[in-house]
1. Just one of the numbered conditions (1) assigned to a helix (DSSP H, G or I); (2) surrounded by fewer than 18 Cβ atoms within 10 Å (Cβ to Cβ) is not true of Glu144; which one?
2. When you go through Val182, Val167 one by one, which is the residue that is at pLDDT 95 or above, closer than 30 Å to Lys238 by Cα and β-branched (Val, Ile, Thr)?
3. For the stretch 139-182, give me the residue count where each residue is in contact with a strand residue (DSSP E or B) (Cβ under 6 Å, 6 or more places away or on another chain) and either in contact (Cβ under 8 Å) with a residue 60 or more places away in the chain or among the aromatic types (Phe, Trp, Tyr) (or both).
4. So, of the residues in the stretch 231-254 that are in a helix (DSSP H, G or I) and either in the same structural domain as Ala366 (by TED's automatic domain parsing) or of a type in the set (A, V, I, L, M, F, W, C) (or both), which turns out to be nearest to Val351 (Cα to Cα)?
5. Inside the stretch 291-318, can you point out the residues that are under 20 Å from the mean Cα position of the chain (by Cα) and of a type in the set (Lys, Arg)?
6. Which of the residues spanning the stretch 69-110 are over 19 Å from Ile267 (Cβ atoms) and of a type in the set (Gly, Ala, Ser)?
7. Being touching a residue at least 40 places away in the same chain (Cβ under 8 Å) and out of contact with any helix residue (DSSP H, G or I) (no Cβ under 6 Å at 6 or more places or on another chain) is the filter here; which residues of the stretch 357-372 pass it?
8. Taking strands (runs of 3 or more DSSP E) that fall entirely within the stretch 255-338, which contain at least 2 residues that are closer than 25 Å to His233 by Cα and in contact with a Cys (Cβ under 8 Å, 6 or more places away or on another chain)?
Amino acid sequence: MSGLDVVDLDLSTTPTVEMMVILEKAQGGIIISASHNPMNWNALKLLNDKGEFLDKEDGDYLIRAITEEDFSFVSYLEQGSISSIKNAMERHVESILSLDVLDINLIKSQKFKVIVDPVNSTGALALPLLLEALDCQYQMINEEIDGVFNHNAEPKPEHLTELCEIVKRENADIGIAVDPDVDRLAFVDEKGEFIGEEYTIVLAADFILSKQSGNTVSNLSSSRALRDLTHSHGGTYKASAVGEVNVVKEMKNTNAVIGGEGNGGVIYPGLHYGRDGLLGVAFALNHIAEKKQPLSVIKSSYSNYTIVKDKINLPPELDVDNLIKLLESQYSEEETNTLDGLKIDFEDGWVHLRKSNTEPIIRVYAESINKSRAEELAKRIKNNALCLI
């Protein structure tokens, strides 16, 4: 009992809690969520007074406070209060609709037909609020909020075959998929084709950069497509270490007008410094309306890359940092980045290696102009690493 006042938002979304910390001028926030993972991974996401995730420094301080310091509890008469807010998601949507960058009347005039897969979680509550406010016709699938996901909750193509089929069958304009806490977003075009999480931030950035010049940020494992788009708009692109908190830090350092992660996360400082699936939907619909083109045509205008993922199994006793240094020296003639593991940039692609914090493996991400070339790059680096072990 620490004497704090607690405001309960009940069922919510991660970006909604982030927004409410700002709107309520709270000193922090706690989100109970497994994100895109199964229910047994439920844990706490902790926010600071800006509605942003704790950075390493704050996280280390919190761990020390919990494990090393004695707590002094208040008396019964000094306990804080518990209150509730029932319209948090409505206020989140209102904040999005009030953004000057959006043309709400234009979106409404399109009467978009939308299919939504919120994967049996709170997106089933939040997305209808937004879509109804934008006069969209929408159909929900997997909308029962029972904590049991009807498919793997990550918004990836192999998990969204039902959404793709229904979009095509119903002649919808767009399909929308979010993860359970609604900070990751993916789209299906009017042909029923999954356009890829990597292109969520590209689509949102294209919309923003068409209205205001500036810089962009994504992490080292995200597609070059954002870099290419940013350069085409005359801006500067920067890559951060992997992790939302690192992207946000680099966005502030470079005064980026938009940023995010290739896993479908859109971060727009004009609203808040957090990945926001609802915001990404509004940006996408506005962009389609302004372009007067279907989503498939807009997507075809961007650089076309493919990312593949692999891993290197390691002996538990191996010095991973030394292995990465040896690999870096082997590719000294290429452009390398050691901000977060090792990223090697080639003319037609890149490979990013990161050691796992939980397993004796190195994760290998590679991107190129097609899948076969990306796999070739990943295999080359992987074989080189194995020869050094």
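1. In the conditions (1) assigned to a helix (DSSP H, G or I); (2) surrounded by fewer than 18 Cβ atoms within 10 Å (Cβ to Cβ), Glu144 misses (1) alone.
2. Just a single option satisfies the conditions, and that option is Val182.
3. Residues that pass the stated criteria total 8.
4. Result: Val247.
5. Lys299, Lys309
6. Selection gives Ser72, Ser75, Gly80, Ser81, Ser83, Ser84, Ala88, Ser109.
7. Within the stretch 357-372, Pro360, Ile361, Ile362, Arg363, Tyr365, Ile369, Asn370, Lys371 qualify.
8. Result: empty, no element qualifies.
The values are calculated or read from the model by the stated rules, or taken from the named source; none is laboratory data. Just so you know, these numbers come straight off a predicted model, no measurement behind them. Note that each Cβ is placed from the backbone with ideal geometry, even for glycine, and that neighbours are counted across all protein chains shown.
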